[in-house]
Amino acid sequence: MNNFIYCNPTKLVFGKGQIARLGELIPADKHLMITFGGGSARRNGVYDQVVRALEGRTWTEFWGIEPNPSVETLRKAVAQGKEQGVDFLLAVGGGSVIDGTKLIAAGLLYDGDPWEIVLKGRAACGVPFASVLTMAATGSEMNSGAVISRYETQEKYAFYGNYPVFSVLDPETLFTLPKRQIACGLADTFVHVLEQYMTTPGQSRLMDRWAEGILHTVIEVAPKALGEERDYDTMSEYMLSATLALNDMIAMGVTQDWATHMIGHELTALHGLTHGATLAIVINGTLRTLRDQKHGKLLQYGERIWGITEGSEEECIDAAIARTEAFFRSLGLSTRLSEEGIGEASIAEVERRFNASGVHHGEARNVDGAMARSILEACL
Ligand code: NZQ
Ligand code: ZN
């Protein structure tokens, strides 16, 4: 295992009815701003629960943080928050609202344009913030990352700021999610684990077993989570899996990859394709293209996750990659770029962007423009 420092300060408040605790969780002397997405919170009753929990308090609201939150919108929230002396933020929504709120939190203590924070990749400071999660996928409720888009230039980049002070996870809030969002959330969770697991074998038995535990859980709950009935226990397992997949827990002392995410972000920036949907396509190309580099881990994954033991090593790897693609298809997601109308023009643009910025993504730092092209061509 490599050396590491682990410190995740987010308090998780999990379960039915827990939004009612907001009054006790948010310090009484704070000038509070509550941030929302496009309106799902109002339609599904979460907004009413928040209002009831904060009875007797005053706050200001900012609505309209989009899926794939834009700096164009977030600049307005920062201006509103500065004008009103906001010193605590509560994000009510999915990863987009929480990510957007992370930039607002940093922007409130920053004199320049918030986009500069994104480009720097790290916020120097920020006002404290918390979340009420309504969509399980990103882990943003218990990590310090945020991914922000700039629509005018079709760019999308991650930066790191503070962790939420607390996050309320009530699985009942997930009952109103459309099936496609749940499918994308399950895919995102699965690929978060793979980004931290599908690297070099033999680094940590413990991290491997935790990661495999999350993969098995996601595979087990997926059919029920996508079924007609909304079941509390199923949604609980799905929700907590998403949080644990990206809260630093399975990354202790091991190498990570993230090339699939970096390519996926470009596809969202160029086409608006939902984050989880990009991953369900790109991961297959990554595994096919880097199968030699990931040989040992692909064998372990095939055996422990999909029970693949018959045949030569290469046949086992073929089967593991095929089972992975079949899993994403079972969620109802596309696994080929062509199914989403994405082709050579976008591949060339991703290659151009990676070359222009000189990036080398992935565990082995070998995913440059040319490799990104190979990966994308392998999932056409
Ligand atoms: O905007 P509203 O009206 O709230 O509707 C949202 C949105 O349209 C809706 N929704 C949320 N909760 C709902 C609901 N609809 C019905 N019932 C509910 N309970 O779902 C739609 C999608 O929401 P969004 O927040 O965009 O989804 P998600 O949580 O998947 O977040 C995606 C964003 O997070 C970034 C992605 O790149 C993308 O921008 N990521 C953030 C990460 C992080 N911070 O660590 C890591 C991830 O890899 C990812 O990149
Ligand atoms: Zn993701």
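Points to keep in mind about this one:
- Elements of the type strands (runs of 3 or more DSSP E) sitting completely within segment 1-77 and holding at least 1 residues that are on the phi > 0 side of the Ramachandran plot: there are none.
- Flag for Thr243 being within 11 Å of ligand 2 (Cβ to nearest atom), in the same structural domain as Glu340 (by TED's automatic domain parsing), touching a residue at least 24 places away in the same chain (Cβ under 8 Å) and open to solvent by less than 10 Å² (accessible area, probe 1.4 Å): no
- Spans of helices (runs of 4 or more DSSP H) in segment 215-328 with at least 3 residues within 14 Å of ligand 1 (Cβ to nearest atom): 232-245, 259-271, 275-289
- From Gly213, Gly253, Gly227, residue being without any contact (Cβ under 8 Å) to a residue 12 or more places away in the chain and either more than 19 Å from the chain's Cα centre (by Cα) or open to solvent by less than 10 Å² (accessible area, probe 1.4 Å) (or both): Gly227
- The set of residues from segment 157-173 being under 30 Å from Glu349 (Cα atoms) and more than 9 Å from ligand 1 (Cβ to nearest atom) comprises Tyr157, Phe159, Tyr160, Gly161.
- Residue within segment 164-182 that is crowded, with 18+ Cβ neighbours inside 10 Å, hydrophobic (A, V, I, L, M, F, W, C), outside the structural domain of Gly95 (by TED's automatic domain parsing) and within 16 Å of ligand 2 (Cβ to nearest atom) present: yes
- Of the residues making up segment 138-156, those that are within 12 Å of ligand 1 (Cβ to nearest atom) and either free of Cβ contacts under 8 Å to residues at least 12 places away in the same chain or within 13 Å of the chain's Cα centre (by Cα) (or both) are Thr138, Gly139, Ser140, Glu141, Met142, Asn143, Ser144, Gly145, Ala146, Val147, Ile148.
- Criterion violated by Pro67 - all others in (1) within 25 Å of Glu152 (Cα to Cα); (2) surrounded by fewer than 22 Cβ atoms within 10 Å (Cβ to Cβ); (3) in contact with a Lys or Arg (Cβ under 8 Å, 6 or more places away or on another chain) satisfied: (3)
- Restricting His271, His275 to those that are within 15 Å of Val350 (Cβ to Cβ) and open to solvent by 10 Å² or more (accessible area, probe 1.4 Å) reduces the list to His271.
For every residue, the table says whether it meets (1) under 23 Å from Gly185 (Cβ atoms); (2) buried (at least 16 other Cβ atoms within 10 Å of the Cβ).
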| position | (1), (2) |
| --- | --- |
| Ala319 | no, yes |
| Glu325 | yes, yes |
| Arg329 | yes, no |
| Ser334 | yes, yes |
| Glu349 | no, no |
| Arg352 | no, no |
| Asn355 | no, no |
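- Lone qualifier among Ser70, Ser96 - being in the same structural domain as Ser140 (by TED's automatic domain parsing) and under 15 Å from the mean Cα position of the chain (by Cα): Ser96
- Screening the candidates Ser334, Ser346 for the property of being closer than 28 Å to Tyr157 by Cα, assigned by TED's automatic domain parsing to the domain that holds Ile263 and part of a loop (DSSP other than H, G, I, E, B) yields one hit, Ser334.
Residues are listed down the side, and each one gets a yes or a no for (1) modelled with pLDDT of 95 or more; (2) acidic (Asp, Glu); (3) more than 24 Å from the chain's Cα centre (by Cα):
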position	(1), (2), (3)
Thr286	yes, no, no
Leu290	yes, no, no
Glu310	yes, yes, yes
Ile317	yes, no, yes
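- Restricting segment 105-137 to residues that are β-branched (Val, Ile, Thr) and away from ligand 1 (no atom under 14 Å from the Cβ), the residue that is surrounded by the most Cβ atoms within 10 Å (Cβ to Cβ): Ile117
- When Gln203 is tested against the conditions (1) farther than 21 Å from Glu66 by Cα; (2) in a strand (DSSP E or B); (3) of a type in the set (S, T, N, Q), the lone failure is (2).
The values are calculated or read from the model by the stated rules, or taken from the named source; none is laboratory data. These figures come from a predicted structure and were not determined experimentally. Cβ atoms come from the backbone with ideal geometry, glycine included; neighbour counts cover every protein chain shown. These accessible areas exclude ligands, DNA and RNA; they are computed on the full protein's heavy atoms, side chains included. Shrake-Rupley method; radii C 1.70, N 1.55, O 1.52, S 1.80 Å.
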